[in-house]
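Structure, as structure tokens:
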Amino acid sequence: MQVAIANGFGTAEPIHSMARALYGFVYKIQKPRPQDQSWSEKIKAYCTDVYDRAAAAKENLAGTPAAVSGYVDEVMETLRKFSDELAHSPNAARYKEVRLTLSQLYEKILMALEEAAPGPGSPQAQLLPLKPVNYYRNIFHVGMGLVAVLLYQLVLSWSLAMTLLIITLSTFVTLEITRRRYPKFNDYLVDGVFGIIVRPRERYRVNASTYYLAALTIMTAITPKPALCIGLLVLAFGDPAASLAGRRWGRKKLWQEKSVAGTSAFFLVSLVATLAYLILTLPSLAAWRMLLICTTVSAAGAATELFSRRINDNFTIPVVAAGVAAFWF
């Protein structure tokens, strides 16, 4: 395989060049069009390019964790088999299988590199976790936020809410610890129970729901009810809006993979959601005060989503947004 594509991956070390190419390939085959001959030819060339980068990385793994070599071998074998199959137009199910396999290998490589040389100054700090389009996850995101706000606003007292949150968070922390010790149990949770909404990275890291519950528990304990509900709505509506808009219109980047379109959508949708909440629950507030609260909270949430990398944004966004809202209350 000796095809190279001008894809903007730069001249990084071979392992990082391969990882970036693999990252792009996973996204390329997320929505397969096997009946489109032009698209299929591009995928064949892309597959070859990633394989060549993997082969080059295999020859120069000095200083990388030992496990990375095995992961690169798996990447090459998966791509070799898939390249042979591309001549026979594999169906959508096969594309999905290959995408999931390569996604897991990418996250394993990224995790091994991060553990070997952590910190913002390391080359792997520029490698991004995979966040494929997942409409089920977006719906779940909005639904959980709405359910939490409605329950706390209309049903639960503060003491009952705290009791339920502590129990639920304790359960999730126990599951996090258990699935680390028992890989088969981890596979059951990731592939079975939560498979429809899980991101590849969450197979090996703390999942977003645990971060979300931690933020919800902390902010319920220390912020007024309106501030907490506003923080939850910013996350529930702003984050999916940023994801969808960024995928659809996010050609112009604002910071790393974050786009102007995604960040703008986060701000605007959060502004509408929080303003609707205040109009319905605190109609006595002056209009200028409502707008001031919602504008500052939405801007804070958008900025947090933009720069959250080391800490999961399902924790940082509600904490920051609810904290800013608490200032006004």
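Filtered by the rule that a residue be surrounded by fewer than 16 Cβ atoms within 10 Å (Cβ to Cβ) and small (Gly, Ala, Ser), the stretch 62-110 gives Ala62, Gly63, Ala66, Ala67, Ser69, Gly70, Ala87, Ser89, Ala92, Ala93.
Only one of the numbered conditions (1) without any contact (Cβ under 8 Å) to a residue 60 or more places away in the chain; (2) buried (at least 17 other Cβ atoms within 10 Å of the Cβ) is not met by Leu151, and that is (2). Got a number for residues in the stretch 63-96 being under 20 Å from Glu107 (Cα atoms) and assigned to a loop (DSSP other than H, G, I, E, B)? So the answer is 3. Restricting attention to the stretch 264-285 and to residues that are open to solvent by 40 Å² or more (accessible area, probe 1.4 Å) and of a type in the set (Gly, Ala, Ser), the residue that is farthest from Gly145 (Cα to Cα) turns out to be Ser284.
Residues that are modelled with pLDDT under 90 and open to solvent by 60 Å² or more (accessible area, probe 1.4 Å) were ranked within the stretch 15-35; the one that is farthest from Glu115 (Cα to Cα) is Gln35. Would a scan of the stretch 208-222 turn up a residue that is among the aliphatic types (A, V, I, L, M) and either in contact with a Cys (Cβ under 9 Å, 6 or more places away or on another chain) or over 29 Å from Met162 (Cα atoms) (or both)? Within the stretch 208-222, not a single residue is among the aliphatic types (A, V, I, L, M) and either in contact with a Cys (Cβ under 9 Å, 6 or more places away or on another chain) or over 29 Å from Met162 (Cα atoms) (or both).
Residues in the stretch 198-212 that are aromatic (Phe, Trp, Tyr), part of a loop (DSSP other than H, G, I, E, B) and under 27 Å from Leu233 (Cβ atoms): 0 in all. Out of curiosity, is Phe267 modelled with pLDDT under 95 and not aliphatic (A, V, I, L, M)? So Phe267 does not fit the description; no. Does at least one position in the stretch 97-104 carry a residue that is in a helix (DSSP H, G or I), farther than 16 Å from Glu13 by Cα, at pLDDT 80 or above and over 19 Å from the mean Cα position of the chain (by Cα)? For the stretch 97-104, residues in a helix (DSSP H, G or I), farther than 16 Å from Glu13 by Cα, at pLDDT 80 or above and over 19 Å from the mean Cα position of the chain (by Cα): present. The set of residues from the stretch 294-329 being modelled with pLDDT of 95 or more, closer than 20 Å to Ala241 by Cα and either among the β-branched types (Val, Ile, Thr) or open to solvent by 30 Å² or more (accessible area, probe 1.4 Å) (or both) comprises Thr295, Thr296, Val297, Ala299, Ala303, Thr304, Phe315, Thr316, Ile317, Val319, Val320. Exactly one residue out of Tyr152, Tyr136 is under 22 Å from the mean Cα position of the chain (by Cα) and aromatic (Phe, Trp, Tyr): that is Tyr136.
Among residues of the stretch 294-313 that are on the phi < 0 side of the Ramachandran plot and among the polar types (S, T, N, Q), none has a beta-carbon under 6 Å from a residue that is buried (at least 24 other Cβ atoms within 10 Å of the Cβ) and at pLDDT below 90 at least six positions away or on a different chain. Of all residues in the stretch 220-244, those satisfying the criterion of being modelled with pLDDT of 95 or more, surrounded by fewer than 21 Cβ atoms within 10 Å (Cβ to Cβ) and assigned to a helix (DSSP H, G or I) are Ala221, Ile222, Lys225. Taken together, Gly231, Gly195 contain a single residue that is more than 24 Å from Val297 (Cβ to Cβ) and more than 14 Å from the chain's Cα centre (by Cα), which is Gly195. Considering only the stretch 177-197, state which residues are surrounded by 15 or more Cβ atoms within 10 Å (Cβ to Cβ) and either part of a helix (DSSP H, G or I) or free of Cβ contacts under 8 Å to residues at least 24 places away in the same chain (or both). If the condition is that a residue be surrounded by 15 or more Cβ atoms within 10 Å (Cβ to Cβ) and either part of a helix (DSSP H, G or I) or free of Cβ contacts under 8 Å to residues at least 24 places away in the same chain (or both), then Arg179, Asn186, Leu189, Val190, Phe194 are the ones that fit.
As a summary of the residue check, Lys258 satisfies the conditions (1) modelled with pLDDT of 90 or more; (2) of a type outside the set (Ser, Thr, Tyr); (3) crowded, with 18+ Cβ neighbours inside 10 Å; (4) under 20 Å from the mean Cα position of the chain (by Cα) except for the one numbered (1).
The values are calculated or read from the model by the stated rules, or taken from the named source; none is laboratory data. Quick caveat: nothing in here was measured; it's all calculated off a predicted structure. Note that we place each Cβ from the backbone using ideal geometry, even for glycine, and neighbour counts take in every protein chain shown. Note: accessible area is taken over every heavy atom of the protein model, side chains too, but ligands, DNA and RNA are not part of it. Shrake-Rupley method; radii C 1.70, N 1.55, O 1.52, S 1.80 Å.
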